[in-house]
Amino acid sequence: MGLAKRIIPCLDVTAGRVVKGTNFVDLRDAGDPVEIARRYDEQGADEVTFLDITASSDQRDIILHIVEACAAQVFIPLTVGGGVRSVADVRRLLNAGADKVSMNTAAVENPDLIAEASAKVGNQCIVVAIDAKQSAPGVWQVFTHGGRRNTGIDAIAWARRVQQLGAGEILLTSMDRDGTRNGFDLPLTRAVSDAVDLPVIASGGVGNLEHLAAGVSEGRADAVLAASIFHFGEYTVHQAKAYLHTRGIEVRL
Amino acid sequence: MLADDAAKGDGKNAIVVVDYGMGNLRSAWQALVHVANGRTVLVSADPAVVSTAERVVFPGQGAMPDCMREIEARGLRSAVLEAARNKPFLGICIGQQMLFEHSEEGDVPGLGVIAGKVRRFPAEYMVDAAGNRLKVPHMGWNQIRQAREHPLWKGIANGTRFYFVHSYFVAPTNDACVVGSTDYGLPFTSAVAQDNIFAIQCHPEKSALAGLAMLANFVAWKP
């Protein structure tokens, strides 16, 4: 008996629609984030994450309606990130029904935002997303602006810092692995997980179920996040959990 | 902002979620609406509405000292205490912790409805069976061992997983009130019951079908 490792499907959303869609054959609307979130809930997802990548600022409020609709139908934790720049942004998302809000670029540019937000809404609601890229063996640097800008900041040091500032959880994405389907950057995941007391969600690179297991066992992640393996129906969340279970990893079945 | 109908009405015959300005109550409200079978569910910071409620949900998020301060500042203490004496009453997370006498978090007194203390997960126990360090907050899905039967466990299997997020847990003085326990480094009390009160450390409103079943049991509960 103990705490289960979490499996978290992630949806990229722009102007209220899921990017690239999904190919669940029986969905009425493959681009509807709420319907997809509901489907993942039915499959046994432990949480769902929405990453809002809406570029145009006048369409930014659309995510709030999506979150509201999702919160009325999906009764598992919902994390929302993307474009969060202020405590007011955090509050708006939480009031719409998000359980946690993830911040990335704004946290690097203004680390006090982490402390301020966490003091206002509680650290359990504040996720800091770290996009990291390897610069030398055993060294990773933090990237912002969706992975386009190198800050030169050491990822491990930044992870420790966000813990001190009051983050409640770290969403760690390997920029080297993201989209490759070659598996998580396990040394990075393990280095960050060992460096902090906060739960760490591993992200970037999942191509099969063994990758999820490795993220937990070798990477020591507390949760694993994946997008494409679930969106395109290769595996259901339930299949992923059943696999982890056979590998001796505790999951909520 | 909550939908308008969450804040309408005088509380009579309603399920009232106590709002003291801490954290997000939308999830709790939404989940209760989902299981309430058309009954009115309100979110209210008005002591008069809490007083006239048919049953009361006392949620909580954030730090207990802040929560206690807001309850005092909003004049909700006596309405909450009165509800805890005579109405079906559900404490969730910090709402459970505040029912106890004292918390290590900020070294503050609670409402003192149930005898016992609120303790932080002790660092020396935060290691799992394989020797791995356990992180605090305890975040995610963990099992609740049902210590005894209770109407709120109806239809929920012993050992079912619920969603937790917390760094402190309750340590009741009397084991008689313990209805659930969970293991995280050490076994801790995760659910208590006393007369018309049921209080739980996890978030049933975020615990998928098991959580909805528990909330439905609360809505139907006649202590």
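Name the residues in segment A:215-234 that are open to solvent by 10 Å² or more (accessible area, probe 1.4 Å) and either charged (D, E, K, R) or modelled with pLDDT of 95 or more (or both), would you?
A:216, A:217, A:218, A:220, A:222, A:225, A:234
Based on this model, can you work out whether residue B:136 counts as within 11 Å of another protein chain (Cβ to nearest Cβ), touching a Lys or Arg at 6+ places or on another chain (Cβ under 9 Å), part of a loop (DSSP other than H, G, I, E, B) and surrounded by 16 or more Cβ atoms within 10 Å (Cβ to Cβ)?
In short, yes.
Is one or more of the residues making up segment B:164-175 surrounded by 20 or more Cβ atoms within 10 Å (Cβ to Cβ) and more than 21 Å from residue A:196 (Cβ to Cβ)?
Looking through segment B:164-175, at least one residue is surrounded by 20 or more Cβ atoms within 10 Å (Cβ to Cβ) and more than 21 Å from residue A:196 (Cβ to Cβ).
A quick yes/no check of all residues on (1) more than 14 Å from every other protein chain (Cβ to nearest Cβ); (2) touching a Leu at 6+ places or on another chain (Cβ under 7 Å):
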| site | (1), (2) |
| --- | --- |
| A:76 | no, no |
| A:79 | no, no |
| A:101 | no, yes |
| A:107 | yes, yes |
| A:110 | yes, no |
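The values are calculated or read from the model by the stated rules, or taken from the named source; none is laboratory data. Since we're looking at a predicted model, the values are computed, not measured. A quick note on method: Cβ atoms are made from the backbone with ideal geometry, for glycine too, and the neighbour counts reach across all protein chains shown. Please note that ligands, DNA and RNA were not included when accessible areas were found on the heavy atoms of the full protein model with its side chains. Shrake-Rupley method; radii C 1.70, N 1.55, O 1.52, S 1.80 Å.
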